[in-house]
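For reference, the structure is listed below as structure tokens.
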Amino acid sequence: MSEHEHHDHHEDEGPHASFSGYMIGFMASVVLTAIPFWLVMGDVFASPGATALVILGFAAVQILVHMIYFLHMNFHSEGGWNMLSLLFTAVLLFITLFGSLWVMYHMNVNMMPGMM
Amino acid sequence: MSQTAALNTGETGKFDFLAKDYHAPNGTLLGFWLYLMSDCLIFAALFATYGVLSQSYAGGPTGGDVFDLPLVALNTAFLLFSSITYGFAMLQMQQKKLAGTMIWLAITGLLGLSFLAVELYEFYHMIHIGAGPQRSAFLSSFFTLVGTHGLHVTFGIIWLCTLLVQLSKHGLIAANRRRLFCLSMFWHFLDVIWIGVFTVVYLMGSMT
């Protein structure tokens, strides 16, 4: 009977979540959200460029926090295929975003002066 | 053969599938994850479009003119709280408590509705003052990106209501637990997208 229950438990797919995991993720997210809003709304840095870089850094860290504590990402879920597809998507994401911005920026810069 | 032996020791890397054959007990969760990754690419295209067009004001309002940051902060709080309340629903599900799962799901749905209400008010207000999607390329890409996210939240809420009905009818059966896992991934994924939206669109946009 106990063997049967054990088997049942393994059929219960999906990651096992914990209260402390969710709370750590939530607290970290609150801090990582509040600081960027404070930086922009309080005009903490004189240079908008510096502010933009810092808040992009906070966003990247918060995305990682959500991935780990809310989406339960690791190298072992679904035999590693979750992480492999995520990394593949991240590469496509990078090419799409930076490729577009890079190409379109140079298109703008190289426009004929008469058209500007 | 020696290669196989080397693979079986698991020394080749961190990924499990390098070391052993993987057969998903049920492909739904992996399949749904792959759907989310393709959804992520839709948002990548929309973010890239917004990035390219975000300075094309056509003489119209800039982000600094039309964005109301306290309202965005409120909306961000709604989504963040809805993430943790969905987490609580999943914890209740693990303990096989049907009532608790449904209560936390309902709270998650209400927070999602609050988010949508604030976003619709923001859109209505912007269109009312003449900053609608047809005003400039910047505003077109803004409404497309943020509107697509809002549409996802809308469908998430519809899905959530459907699940509440199914839970009340059939309880925490295996199929419903699987659906709860899928919606959990969808809901947290939307919160991840929102991190990009409030950072790139609202915070960086309001500095212009």
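Laboratory data are not the source of any read-out in this text; all were calculated from the coordinates shown. Since we're looking at a predicted model, the values are computed, not measured. Positions of Cβ are generated from backbone atoms using ideal geometry, with glycine treated the same way; all protein chains shown enter the neighbour counts.
A few notes on this one:
- 10 Å-binned pair-distance histogram of region B:91-208 (Cα, whole percent): 12, 38, 26, 16, 8, 0
- Crossing angle, helix B:98-128 versus chain B [Cα axis fit, 0-90 degrees, rounded to tens]: 30 degrees
- Principal-axis analysis of the Cα atoms of chain B puts helix B:28-53 at an angle of about 20° to the longest axis.
- Pairs of Cα atoms farther than 39 Å apart, the protein assembly as shown, %: 21 percent
- Most positive-pole-ward Cα, B:107, B:167, B:121, against dipole of region B:99-208 from beta carbon charges: B:167
- Taking the C-alpha atoms only, the angle from helix B:137-170 to the longest principal axis of chain B is near 40 degrees.
- Helices in chain B, meaning DSSP H runs of at least 4 residues, each add -39500 (n - 2.57). Divided by all residues, the mean residue ellipticity at 222 nm is -25500 deg cm²/dmol.
- Judged by the ratio a/c of the largest to the smallest principal axis of the C-alpha gyration tensor, region A:28-95 counts as oblate, that ratio being 1.5 or greater while a/b is no larger than b/c.
- Scattering profile of chain B at q = 0.12, 0.14 Å⁻¹ [log10 I(q)/I(0), Debye over alpha-carbon scatterers]: -0.73, -0.89
- Cα pair count fraction exceeding 14 Å, expressed as % - region B:147-208: 64 percent
- Among the residues of A:36-46, the average count of other protein chain beta-carbon atoms within 10 Å of the residue beta-carbon is 3.
- Cα shape, region B:35-112, gyration tensor, a/c 1.5 rule: oblate
- Once you divide the Cα radius of gyration of region B:100-162 by 2.2 N^0.38 Å, the number left is 1.35.
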